[in-house]
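Q: Encoded as structure tokens, here's the structure I'll be asking about.
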Amino acid sequence: MRKIASLILLGAVLTTQPAVADESAKDRPTRKELHQTMRDYEDAFNRADAKELAAYWTEAGEYVTASGIRLEGPDAIGKAYEKLFAEKEGLRLHTTTSRVQTIAPNVVLEEGVVRLISANEPPAEARFEAVHVKDDGQWKLSRVRETVLPATGGHREQLKGLQWMVGQWTSRDETASVNSQCQWIKNQSFLKRSFRVQDDAAQIDVTQYIGWDASTGQIRSWSFDSQGGFEQGVWRQVDDQWIVDATATLPDGRRGSAERVLKLVDDNTFTWRSVNRQVGGRLLPSLDEVTVVRTKGTSK
């Protein structure tokens, strides 16, 4: 079973969206181009197209599985895919990238964790290191090495892209101040955020839990406030921003939704704004961008 699981994980290497990137502004076009290739690769895997997948490897491409199996060249890798797709149907891949680094012109190193969900077997996971090279105008895989993940039972790897939130934060505008703190809890399977919103009229306390939903391969959050309202959110990363698609039930029973946008500026600053807001079917104006500053703690 380990051999099959290792081959399964091969397909996830190119399906990532970077959670933490060592990049400067001039590198971002490269990241976007590489990400589009990743999406195309994912589509080929979901269509069980072994021939197309093999074409994403360089002629000297090398893949070393977590169990030590070595595959060399597109032909050997394509045959491994053919065997995999003949034995299994309906596979789903989810990947969390912990690091992306440009190590030379047209050479990018990617590190992270891949997870495969199938209908009839427990999820399979491994840590990977992948080298992508730009070959004749196309991004291809040059080398992939997997290692077995230690059995920690937690989901820190899947949430690592949000590690920068750990610590204490504050923000203020013309009408209110917000103080918050974030910490790892439950074997580092969840992040817990606590907010206190204070204005001239009232004080509201909010508790939020952020976790990994293994059934969908998504980061999700659940929030509860001191006035009786509650909210669920799905987190996704787009370039250098985290977007939270949130749906809420207000204390008076009305339903609402919004899109929250968080953008990390540096290690001690991020911005927050809320757009596409509606309550009870009525559209509301977007909220202005707010700057949030770290007051204590570190994400390291």
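Since every read-out is calculated from the coordinates, none of them should be taken as a lab result. This is a predicted model, so every value here is computed, not measured. Backbone-built Cβ (ideal geometry, glycine too); neighbour counts: all protein chains shown.
Q: Where does each of 196-206, 180-190 land if you order them by average Cβ count within 10 Å, highest first?
A: By packing density, highest mean first, the sequence is 180-190, 196-206.
Q: Efficiency by 1/(1 + (r/R0)^6): what FRET value for L283 and D213, r their Cβ-Cβ distance, R0 = 22 Å, to the nearest 0.05?
A: The calculated FRET efficiency here is 0.15.
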